[in-house]
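One structure is given below, encoded as structure tokens.
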Amino acid sequence: MNRTEALELVKDSISRVVPGADLDALGPDDSFRDALEMDSLDFLGFIEALSDRSGVRIEDEDTQRLTTLSGTADFLVARAG
Amino acid sequence: MGAFTMPSLGADMDEGTLQEWLVRPGEQVRKGEAVAVVETAKSTLEVECFETGTVEELLVEPGTTVPVGTALALIAPFARAREARGEPDETVEKTPPRPKPRRTAPSSGTEAARAPTPTPARAHGHSEAGPLLRHLAERSGLDWAALHGSGPGGRVTRGDVERAAGGAARPPRIRATPLARRLAAELHVDLGSLTGTGTDGAVRAADVRSAAPGGATTPTPAHRAARPRTAEDRAFAMRQAIAALMTRANRDIPHYYLSTNVDMAAAMDWLHEHNRRSPVGERLLPAALLLKAAACAAREVPELNGFWVDGGFVPGDGVHLGVAVSLRGGGLVAPALHDADTLDLRQLMAGLKDLVVRARTGRLRGSDVSAPTITVTNLGDQGVETVYGVIYPPQVALVGFGRIVDRPSAVDGLLGVRPVVTATLSADHRATDGAVGARYLTAVDRLLQNPEQL
């Protein structure tokens, strides 16, 4: 998985949970969780979607770090190897 | 003969608009199956029927707003239906027996049977001609008076209308869920070309998505815009409904408020350990523990689990935990997790996810919103530490949880930093006194100290 693919996966997973989210208005280092007012259920749904689609196992401890588009994409690339 | 009536889908509902029928006359329906889509001030809901049988006649046309308790359709139990099938066509002068009040609804189910018993159906002006047949004739551009009746005594039957209209007055209706219909319209998918995987072959949203060129789409605001009411209308109607209900609550209910801090160290340790061992799909949120504790405590203190009706307390027939869900774009609904005290944490978490998703995508069912016995509001995600809620009438208690925060805390004579949540109770002083409320919060605290037993 290259970084562009990873970023698309992240955006796609967010859209699943927050239909109609304006992802273009989101900077790579903004906290999307705050910007899109995702609650803990939304966030868990996002993690599930991301894990399903990428095939990357995401540990519970990792989830707290997955707060920005850029950071989450980097995480996926590193884990997918 | 049973009447399917406009159900009461909440204490604040006096009337509802029948938006769509999901069944046709002659179709068999099972108890618990969604038969109609009803729009209330707050939301659009699929409504289930309470009988198993055959749909004899639809009494109310889509788009009609009727009071709660009005008969919407007649459903014949199977024995009668077999006999009915031997008869000729549906005749328009048939006077159906007076619909029974909904007391006949079984009380054991999880459906709206718990809803306050609706007023008996008012007399309906359909003895002359089934409104649907007249409607059908009108829609087909036929002159009702000129129709030749082939039924007993020259009565006009559905068959007469359909023949007069060229046999194609009404194309056979394809069974599909409302979401599937909306998606199909949006994605230009022909419903008739699909094989449904839902109940009795009904087309589901997933079938439409998989058939759509370009694959899946999730519901977008465009779907809502395509509906007759705009998002603004809905938001306004919901605001009005909330305003009316909360005004009534504050006017009629003498609230008393209690609060306690609950040490969450044991619960959070257990939760982290559980999540570490579990695949993503089975992870739990702290909310699951809090809701389960709230439900079990309600079972222990039944005085808080039920309704204040006509000057007296009526206990709930189980713990049906209302969960306040905030909606994107404003407003909230509080659908119920039925028998929440009997669910294990995994089931409760799955139920919660399902309920929240459906609440936010406008796919709640009638049974979801009917008569929770006690409601929980959990504002932890919004960052506040304490919430004192307003009770949903006719319930008598509302439980609030804030954010779980690390606080300095004295444990066994030592000062430490522990995760703590503030649990609050708003209760109806007509139904209980502070001592009962205190017993409830104490139970919540105790239950959360033993998460493995939840």
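The values are calculated or read from the model by the stated rules, or taken from the named source; none is laboratory data. This one's a predicted model, so the numbers in the text were calculated from it and none came from an experiment. For neighbour counting, all protein chains shown are included, and Cβ atoms are generated from backbone atoms with ideal geometry for every residue, glycine included. Keep in mind that these areas ignore ligands, DNA and RNA; they rest on the heavy atoms of the full protein, side chains included. Shrake-Rupley method; radii C 1.70, N 1.55, O 1.52, S 1.80 Å.
Brief remarks on what is shown
- Of the residues making up region B:318-376, just one is assigned to a loop (DSSP other than H, G, I, E, B), within 14 Å of chain A (Cβ to nearest Cβ) and among the hydroxyl-bearing types (Ser, Thr, Tyr), namely B:Thr361.
- Residue in region A:50-62 that is nearest to A:Asn2 (Cα to Cα), counting only those that are assigned to a helix (DSSP H, G or I) and open to solvent by 10 Å² or more (accessible area, probe 1.4 Å): A:Ser54
- The residue of region B:36-67 that is surrounded by the most Cβ atoms within 10 Å (Cβ to Cβ), among those that are assigned to a strand (DSSP E or B), among the hydrophobic types (A, V, I, L, M, F, W, C) and under 13 Å from the mean Cα position of the chain (by Cα), is B:Leu45.
- Inspection of region B:405-423 identifies at least one residue that is under 19 Å from B:Ala340 (Cα atoms) and crowded, with 19+ Cβ neighbours inside 10 Å.
- Residues satisfying the stated conditions in region A:49-74, i.e. of a type in the set (A, V, I, L, M, F, W, C) and more than 14 Å from chain B (Cβ to nearest Cβ): A:Leu69, A:Ala73
- Among residues of region A:16-48 being at the interface with chain B (Cβ under 8 Å from one of its Cβ atoms) and within 16 Å of A:Leu76 (Cβ to Cβ), the one that is modelled with the lowest pLDDT is A:Arg16.
- Residue in region B:265-317 that is farthest from the other protein chains (Cβ to nearest Cβ), counting only those that are in a strand (DSSP E or B) and open to solvent by 10 Å² or more (accessible area, probe 1.4 Å): B:Gly312
- Selection of region B:377-390 for residues being hydrophobic (A, V, I, L, M, F, W, C) and away from every other protein chain (no Cβ under 11 Å) yields B:Val384, B:Val387, B:Val390.
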